[in-house]
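Have a look at the structure below before the remarks.
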Amino acid sequence: MLQTHQLSAKAYKVTDYVRPNFLVLLFTFLITGSFVAAQNSASITLVTYLESKLAKSEEASKDAQLKSRIETVLRHHFQEKENSEKRSPWGVMHAMVAFGPHAEMYGDGKIVKDVDWLCDNEACRGMKLLKKDKGRLGTNNGPGRQGHDGQFLAILAQSQIEKERKLIVDGTEFSIEDLIQYEMSTCRANEELTFKLIGLSHYIDSDQIWKSNDQQTWNLERVIKEELRQSVIGAACGGTHRLMGFSYALLMRRLQNKPITGDWKRAEAFVREFRNYSFKLQNHDGSFSTRWFEGRGMRKDIQRRVQTTGHILEWLVFSAEESELSDPRLVKAVDYLSSLMVNNRKTKWEIGPKGHAVRALRLFYEKVLLQPATSMASSNQSKNYLADPRISQSSLEADVHVNETSVEQPESSKKRTPSIVKHVKTASRKTGGTPDSKSVSESPRITADDLPELPLLIR
């Protein structure tokens, strides 16, 4: 019994010795595994961090390139001043579309503001925009003058010209308030009211009621209702101005903290539907259909491309909500239009399409690219201003050269055939020479700090 007991005790001691060593090994294994797992987790975290930093760096680089390209477009076209001897009132108005109250032109051989020239009713190519009718203010409509009822008021509104601004007609002093009254009094059912809607929604209370000179009762909701009855397809500039009218009126309604109900609500839904439809017709290169909203279209004529993409993009950027400004489809359209205009900057664009295309880029520049230290997905809550692309006299002595080698020039035509531009390089400011990989970073940049802050565009 004693031996058995001793053996059992000895066995017990051996077992007691083995168990803790096994536990140590198990513990060591677990610790080692946890360490390896931690190493792997740290590696994954580091890789994710580096990838994130690289993506942000690439995104910032793309933003910087796009910003520089748009600045080149704005600066180039601001320097292209129109001349009152060659350009009609309609043409001068469209030059003003791009740069608002800061647009400059040659009037009687001197540099003057477009808005001053038009508001003083000076002659443009021998034609005048305003008239007196039985002592009251009126507009001259027709080729070369006002192309649509309310067009001049709409351009003044979008340039944020105060309604107290004087208008001089044959020595008689009026104001924009008189022009507002004129446009209200001439509202008619079943007629185009697109431009009246833009102008009136800017200057009057959105609930104001008035009577036209045929004794019809009107308010802005009725104007919207009349516009909703009419087709977008076939309307002015493919219907983009009609859509802009709805968007502008809705914006002003919200700024007045008024409810969006009734025909206001219908207009809001209509705009949303057409916004989605626009992107369905977008071409793979970022441009919009050259058939407006009638269907898909991708004509090679660059004048047509600037016309359609410029108008549609102007409306899309203006009407975009904050989150929509970073939509890759929108950014791609901005990239396309800015590239096309830089690569073809020597082209004499038609004045109307050019004005709207430049304004589209300017809107995007203000709403997105002027945000300090942010990327395309940044907030839209910025100051209510847009930089004036005027530059110093020393800068005027230099030029900006762009890569036009990818744009073919047919011998039988002066029009360039567009290409899908993936990269636009801005050359260093030296006479002659072509851009290279170094010239992008070495090229001087225009920044918001170089330009005065000017009130122009409304959110």
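Worth pointing out:
- Residues Thr45 and Lys348, FRET efficiency given R0 of 41 Å [Cβ-Cβ distance, rounded to 0.05]: 0.15
- Over 20 Å apart at the Cα level, from the set Lys166/Lys354; Lys81/Lys354; Lys113/Lys354; Lys86/Lys166, are Lys166/Lys354; Lys86/Lys166.
- The packing ranking, built from the mean of other Cβ atoms within 10 Å per residue, places the peptides 357-367, 311-321, 216-226 in the order 357-367, 311-321, 216-226, highest first.
- FRET efficiency, Arg296 to Thr172 (Cβ-Cβ, R0 60 Å, nearest 0.05): 0.70
- If R0 is taken as 30 Å, the Cβ-Cβ distance between Asn140 and Lys81 corresponds to a FRET efficiency of 0.80.
- Taking packing as the residue-averaged number of other Cβ atoms within 10 angstrom, the listed peptides 130-142, 198-210 run from highest to lowest as 198-210, 130-142.
- Relative protection proxy for 301-310, 104-113, 181-190, from highest mean packing down: 301-310, 181-190, 104-113 (other beta-carbon atoms within 10 angstrom).
- Dividing the Cα radius of gyration of segment 96-251 by 2.2 N^0.38 Å, with N the residue count, gives 1.03.
- For the Cα trace of segment 249-357, dividing Rg by the Kirkwood Rh returns an Rg/Rh value of 1.02.
Only the coordinates and a few stated rules stand behind these numbers; no lab work does. Quantities reported herein were computed from a predicted structural model and do not represent experimental measurements. Neighbour counts run over all protein chains shown; Cβ positions are idealised from the backbone, glycine included.
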